[in-house]
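Please treat every number below as a calculation from the coordinates, not as lab data. Everything numeric here is computed off the predicted structure, so don't read it as measured data. Cβ sites come from the backbone with ideal geometry, for glycine too, and all protein chains shown count toward neighbours.
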Amino acid sequence: MAGSKEKIAGTMEFPPPTPQPNIYPLSWENVTTKLQEVWEASQREYWDPEKLPWDTFDVTKYTWEQRESIAYWWTILSVFDASAPPVFASALIKTYELHEEDVVRRCFFSVTRDEQNHEQMCGLVITKLLEHPDPITYEPKTDIGRRLQKNAKWLYYNGGRYWDGFKNAVPKYSLAVLFSSFLMGEIAAATIFHQMAAGCKELVFKEGFSKIGKDEGRHMAIVLTLMERDYPKLSDEDKTIITKQIRAGYLFLSAVLFEPPLEFWDVPEDFIENQREGERYAREAGFFIPDYETKKENWKKAMLNLKGVLDKYDTEFPAIPEVGITGKEISDIDMEDIIPVF
Ligand SMILES: [Fe+2]
Ligand SMILES: [Fe+2]
């Protein structure tokens, strides 16, 4: 083989074929035309978190307990949303490596961009409420603030454990496997954000949540469309991984959508108690967080939705006894198995 710096253009009329897979497709083929609509909606519905009506958001009308408690909720969300941009950016790179259709590449680009917005939104709210841009180095002013910060530190520690696993997993897994995890996050996210948009009193929260909810709905549509395309030819091996991934995703996302299952999340004993108390302060301030039963009902509905999709493609569903769903027993899941998405 010729050295990479050796010029060959003088020796032949056309260059040799570029070894594949190559990071860039020089092709804009579109087959899954349904996705064009989603892409167009993403262009139309693009929003800028900085342009929300921040001038109406007067944090001084809240007590410090309330401010720290609402900021805590956004901190939990950030544990998930701050990892979404790099996660979807890796998926975007994968669509290029695989020479996915042009419209699929655009759709993944739009998801990455949306998730970056969601992350920005978390940052803007937290910074306003705490008058500090970082909930971990912030100095709490109240007792509940201190306890919630301890929670936040444990969440952050837990979330920090999956990135290496994820990086190793992305090249191994097919996009189809990634989709099932993505769908799980999107279904759950779309529900909770619409509820919060409807229930929150503060205008910036209402607007932010309804925009985020809309974004998540589009992400869901993208994933569903691609599953329709790819799942009829799913291999048995992929099916097994998907079943496991659903269980992993359930355990992982429970921390934001329900309560962290203690067999999976390594958090101290007083964690849930502190969190519930924080939620009470936040609700009292007009910040809507669904109560325990509503969260459970949401989560169950999301899981049944997902089960409905997977049943169509003969893919076994894991048992989720926490919300009363029977299925294949899956044990020994670790943070490193997680394909995190939200
Ligand atoms: Fe998101
Ligand atoms: Fe999303």
Review point. Whole-Hz Karplus ³J(HN,Hα) for the stretch 22-30, in order, using 6.51 cos²θ - 1.76 cosθ + 1.60 and θ = phi - 60°, x for Gly and Pro?
Key: 10, 4, 10, x, 9, 7, 10, 7, 10
Practice item. Quick one: check the C-alpha center-to-center distance for the stretch 205-279 versus the stretch 113-150, whole angstrom. Key: 22 Å
Check your understanding: So, with +1 on the Cβ of K and R and -1 on the Cβ of D and E, and no other charges, what is the size of the charge dipole of the stretch 56-337 about its Cα centre, to the nearest 20 debye?
Key -> 620 debye
Review point. Per the helix-only calculation at 222 nm, which mean residue ellipticity applies to the chain, given -39500 (n - 2.57) for every DSSP H run of n ≥ 4 and division by its residues, nearest 500 deg cm²/dmol?
Key: -21000 deg cm²/dmol
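Where in the chain is the longest stretch that carries no trypsin sites (Lys or Arg not before Pro) classed as loop by DSSP and with at most 11 other Cβ atoms within 10 Å?
By the stated rule (loop sites, at most 11 other Cβ atoms within 10 Å), 8-200.
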Check your understanding: Hey, which of these cross-link pairs are over 23 Å Cα-Cα: 211/295; 51/201; 7/172?
Key -> 7/172
Exercise for review: Restricting things to alpha carbons, find the Rg to Rh ratio for the stretch 56-337 using the Kirkwood radius for Rh.
Suggested key: 0.96
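Work out, in µm²/s and without decimals, the Stokes-Einstein translational diffusion coefficient of the stretch 183-342 at 25 °C, 0.890 mPa s, Rh from Kirkwood over C-alpha pairs. Write down the numbers at each step before the final one.
On the way: Rh = 16.8 Å.
The Stokes-Einstein estimate is 146 µm²/s.
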Review point. If one takes the longest principal axis of the Cα atoms in the chain, at what angle in degrees, from 0 to 90 and to the nearest 10, does the Cα axis of helix 271-284 lie?
Key: 70 degrees
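How would you rank 83, 69, 235, going from fewest to most other Cβ atoms within 10 Å of each one's own Cβ?
On the way: 83 21, 69 28, 235 11.
By the 10 Å Cβ count, ascending, the order reads 235, 83, 69.
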Review point. Tilt of helix 64-81 relative to the longest C-alpha principal axis of the chain, in degrees (0 to 90, nearest 10)?
Key: 20 degrees
Check your understanding: residue 312: which lysines have alpha carbons under 19 Å from its alpha carbon, excluding same-chain residues fewer than 8 sequence positions away?
Key -> 233, 239, 244, 300, 301, 328
Revision key, fill the gap. Residues meeting the amide H criterion for residue 328 (H placed from the backbone, H to H distance under 5 Å, 5 or more places apart or on another chain) are 317, 319
Revision key, fill the gap. log10 I(q)/I(0) for the stretch 1-150, Debye formula on C-alpha points only (no solvent), q = 0.11, 0.12, 0.19, 0.20 Å⁻¹, two decimals, reads -0.64, -0.71, -1.10, -1.16
**Study point:** Average Cα contact separation per residue, the chain, under 8 Å, 6 or more apart, as relative contact order %
**Key:** 24 percent
